[in-house]
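The values are calculated or read from the model by the stated rules, or taken from the named source; none is laboratory data. Please read these numbers as outputs of a predicted model, since none were measured by experiment. Positions of Cβ are generated from backbone atoms using ideal geometry, with glycine treated the same way; all protein chains shown enter the neighbour counts. To get the accessible areas, we keep the full protein, side chains included, count just its heavy atoms, and leave off ligands, DNA and RNA. Shrake-Rupley method; radii C 1.70, N 1.55, O 1.52, S 1.80 Å.
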Amino acid sequence: MLDSVRVRLTLWYTGLLALFLVLLSLITYFIFWNSTLRRTDNDLDELSEAFLTTVQAEMLDNHGPDAAKLAVQEAIVEHRFRDHVFAVFDPGGGMLTSSQDLPNETSPPHLFSSASFRKLQEAAESPDHHLGNVEGGRSGYRGVARKFLLKGQLYTLVILQSLHPQNEMLEEVRATFAWVIPIAIILASLGGYFLARKSLAPVVAMSSQAGRIGAENLHERLPIQNAKDELGRLAASFNELLERVDQSFERQRRFMSDASHELRTPAAILRGESEVALSRTERPAEEYRESLAVLHAEAQRLTQIVEDLFTLTRADAGQYPLSPKEFYLDELVADCTHAARTLASAKQITLTCEVPEELPIRGDEALLRRMILNLLDNAIKYTPVGGRVVVSCERAGNEYALNVTDSGPGIPEDLHKRVFERFFRADKARTRAENDGGGAGLGLSIARWIAEAHHGRLLLQRSDSSGSTFTALLPAEVQVASAAAPLTH
């Protein structure tokens, strides 16, 4: 049962509420008890003042040796209240008179002989009046003791007020708390469970919906009831995750489809040529040589595709090791341009290198060489016979801008964003024929990953009917890690 978040929230809420109610009840009870006690003390003070005023007034009408006693008795009769006890002691400490001397008195007969009463009487020796509790009766008494002057002699006045009414009222308060607090806790628990269940209902719905989403229905999304609250933001974040997973699955499916297609073509050529070579027992040596040349070319193409796929796989996993070192970028560009002149000469393409001297850089020379050769190979492939390819490099602030410009037919503008996708080919105009050793469309993807591994970028700067320009922006001070970061798509 405690595995449920709703139950745990309800228990926490109920426990905290119960603790709060108990503390509130204790504080309220203490305040009420203290207020009742102070009100009782104030009543005793006021009653003692009124009693002494009456005694002084009665002394004016009484004369003789018993005048003080008669005046006190008349004051007791005048101020006699239910649950109140009066006692007056003479200067010697003996009892002068008390309310027990009056008829119909219900106070305990041994009240004045109790130790607590004697303690209160003796406390009256202090200059001011004294308040204290006296045992006796059903709930005890609250009393006040004070000295007063009568005909030049000090008498002691003690007034007691029964605490039974106050205790009955406090008992009612305790009884009220005793049944109100449990009922409040039960109602609050039910309400808390209902609120927790209602609040977590979207989470349950999202959990059920997420459990139904698989590879075959990644297009489905979680419902969002309120996009501004926490659950709405959680659902939106989960939907964004599903979107990224869906895109990854789509790229993976497209990658597998394109890879299968690219691998199937050279495999079919290898199989066809080998079957033709084996179908006849006697063939001229020249035909065998031609068949072997075709097999060799297709094997090279197949090897290149597999190596490119392996490179991209390791790049995706962030496991491609880098070997950074310091070298000159201008020398590397010149070497790559020289190596590509053979491909350019085969199509009568003019290959020009416009690179200034002294461009120091730190990076993986082998990977940067591969990036430049991929860009040159791409430019030469799509440049018509007799065209021109220009390689230039310059420093722009803290970056090197390496530009490779061809004079090919260009790429449609709506396909510019897809040019770095794996196996992407814009159209037939920029796709080599299969008999020309057609590429797999992985060169630009690898080139972009190499640029990003060196904290740079590879951009399609321009592409129109006059040709295309690819620009690799590399930091002049490259800080590369021992392993390249995963390839972004």
- Message: Of the residues THR10, THR28, only one is farther than 20 Å from LEU154 by Cα, under 60 Å from the mean Cα position of the chain (by Cα), of a type in the set (Val, Ile, Thr) and modelled with pLDDT of 90 or more; which?
- Response: THR28
- Query: Which pairs have Cβ atoms under 9 Å, sit 6 or more apart or on different chains, and link a residue in the range 50-75 that is touching a residue at least 24 places away in the same chain (Cβ under 8 Å) and farther than 19 Å from GLY94 by Cα to one that is part of a loop (DSSP other than H, G, I, E, B) and charged (D, E, K, R)?
  - Reply: MET59/LYS151
- If we keep just the residues of the range 1-60 that are of a type in the set (Ser, Thr, Tyr) and open to solvent by 70 Å² or more (accessible area, probe 1.4 Å), which is nearest to ARG174 (Cα to Cα)? TYR13
- Go through (1) within 30 Å of SER139 (Cβ to Cβ); (2) modelled with pLDDT of 90 or more and name the single condition LEU19 misses. (1)
- Item | Which listed residue is surrounded by 11 or more Cβ atoms within 10 Å (Cβ to Cβ), among the charged types (D, E, K, R) and part of a helix (DSSP H, G or I), from ARG142, ARG197, ARG146 | ARG197
- Message: For the condition under 19 Å from LEU163 (Cβ atoms), open to solvent by 30 Å² or more (accessible area, probe 1.4 Å) and either part of a loop (DSSP other than H, G, I, E, B) or touching an Asp or Glu at 6+ places or on another chain (Cβ under 7 Å) (or both), what is the one hit in PRO108, PRO91?
- Response: PRO108
- In the range 211-251, the residues that are in a loop (DSSP other than H, G, I, E, B), exposed (fewer than 11 other Cβ atoms within 10 Å of the Cβ) and of a type in the set (D, E, K, R): LYS228
- Message: Consider the range 374-400. How many of its residues are on the phi > 0 side of the Ramachandran plot and over 47 Å from the mean Cα position of the chain (by Cα)?
- Response: 1
- Message: When you scan the range 420-439, do you find a residue that is open to solvent by 10 Å² or more (accessible area, probe 1.4 Å), closer than 13 Å to PHE470 by Cα, at pLDDT 70 or above and part of a loop (DSSP other than H, G, I, E, B), even just one?
- Response: yes
- Here the residues within the range 61-78 that are part of a helix (DSSP H, G or I) and open to solvent by 60 Å² or more (accessible area, probe 1.4 Å) are LYS69, LEU70, GLU74, VAL77, GLU78
- Message: Quick check on the range 134-190: of everything there that is touching a residue at least 60 places away in the same chain (Cβ under 8 Å) and among the basic types (Lys, Arg), which residue is farthest from THR54 (Cα to Cα)?
- Response: ARG174
- Query: Got at least one residue in the range 162-182 being open to solvent by less than 20 Å² (accessible area, probe 1.4 Å), under 28 Å from MET59 (Cβ atoms) and not in a strand (DSSP E or B)?
  - Reply: no
- Message: Of everything in the range 79-88, what is surrounded by 14 or more Cβ atoms within 10 Å (Cβ to Cβ) and of a type in the set (D, E, K, R)? Give them in sequence order.
- Response: ARG80, ASP83
